[in-house]
Amino acid sequence: MSDKIRLLIVDDEVEFLDSIAQRLEMRGFDITKAINGEEAVEATREKKFDLALLDLKMPGMDGKQVLEILKKEHKYLEVIILTGHGSLESAVECTKLGAFSYLPKPYELEELLEILKQAYEVRMKKKFENDQLRMEKITSLATGSSPLAILRALREMDDDER
């Protein structure tokens, strides 16, 4: 298991995708690349990611559609939109859909790194808070339930995490 932040980068501009992936790999990220929305969704179903960096305008499934799917299927995944076709309207819409941040291209690497750091901190905080709630439920169950009831409740909690 790697101690690197697992980052999915999705962009249909292959040269840009390779460039940003290389720059972030050199800074210690574990990078997976996808050149379209369908590839991105499939990648997240095969591997767990901490963060996703997502282009807005792509042929086929666009960034908003991918954002919706990713946020629905992966409750701790933080998504940053990086686009050359941004507008205030699309920024508001993406934020409502759950995007952590919205950056225009061209981007400043230091600003992107700071946003990735902040997104990862938010992800970890959400996960920690959820883990705390789960432990409180388990402790409560353990003190007042039968072994079979405890197993049922644990299975339900496990199913909720999927």
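Per 0.36 nm of contour for each residue apart, how much would the distance between K75 and E108 grow if the chain were fully extended, relative to their Cα-Cα spacing?
Details: separation 33, 0.36 × 33 = 11.88 nm, distance 2.79 nm.
Here the segment from K75 to E108 would lengthen by 9.1 nm.
Between amide H atoms placed 1.01 Å from N, distances below 5 Å from L82 occur with L54, D55, L56, L103, all of them 5 or more places distant or on a separate chain.
Once a ≥ b ≥ c are taken as the square roots of the eigenvalues of the Cα gyration tensor of the chain, is the result rounded (a/c under 1.5), prolate (a/b larger than b/c) or oblate (a/b not larger than b/c)?
On the way: a/c = 2.31, a/b = 2.09, b/c = 1.10.
Prolate, since a/c reaches 1.5 and a/b exceeds b/c.
Reducing the stretch 65-100 and the stretch 8-45 to their Cα centroids gives an inter-centroid distance of 16 Å. Taking label points 7 Å from Cα along the Cα-to-Cβ direction, L133 and S87 give a separation of 3.6 nm. Sorting L67, L77, L109 by the number of Cβ atoms found within 10 Å of their own Cβ, with the fewest placed first, yields L109, L77, L67. Of M61, M26, M124, the residue with the greatest mean-square motion in the GNM of the chain, using alpha carbon springs below 10 Å, is M26. As a proxy for reagent exposure, ranking E129, E39 by other Cβ atoms within 10 Å from fewest up yields E129, E39. Distance between the 7 Å Cα→Cβ label points at E121 and K57: 3.3 nm.
In terms of distances greater than 23 angstrom between alpha carbons, the cross-link table entries K33/K57; K75/K105; K105/K127; K47/K117 yield K75/K105; K105/K127. Each label point was placed 7 Å from the Cα along the Cα-to-Cβ direction; for R23 and D158 their separation is 4.4 nm. From the Cα gyration tensor of the stretch 65-154, with a ≥ b ≥ c the square roots of its eigenvalues, which class applies: rounded if a/c is under 1.5, or else prolate if a/b is larger than b/c, or else oblate? Prolate, since a/c reaches 1.5 and a/b exceeds b/c.
Rank these for me by crowding, V92, V122, going from fewest to most other beta carbons within 10 Å. Mind showing how you got there, number by number?
Working: V92 11, V122 15.
So the ranking, lowest neighbour count to highest, is V92, V122.
Residues whose amide H falls under 5 Å from that of N36, counting only those 5 or more places apart or on a different chain, are D11, with hydrogens built in the peptide plane.
Where a number appears in this text, it was derived from the coordinates with a stated rule and is not lab data. Since we're looking at a predicted model, the values are computed, not measured. Cβ atoms come from the backbone with ideal geometry, glycine included; neighbour counts cover every protein chain shown.
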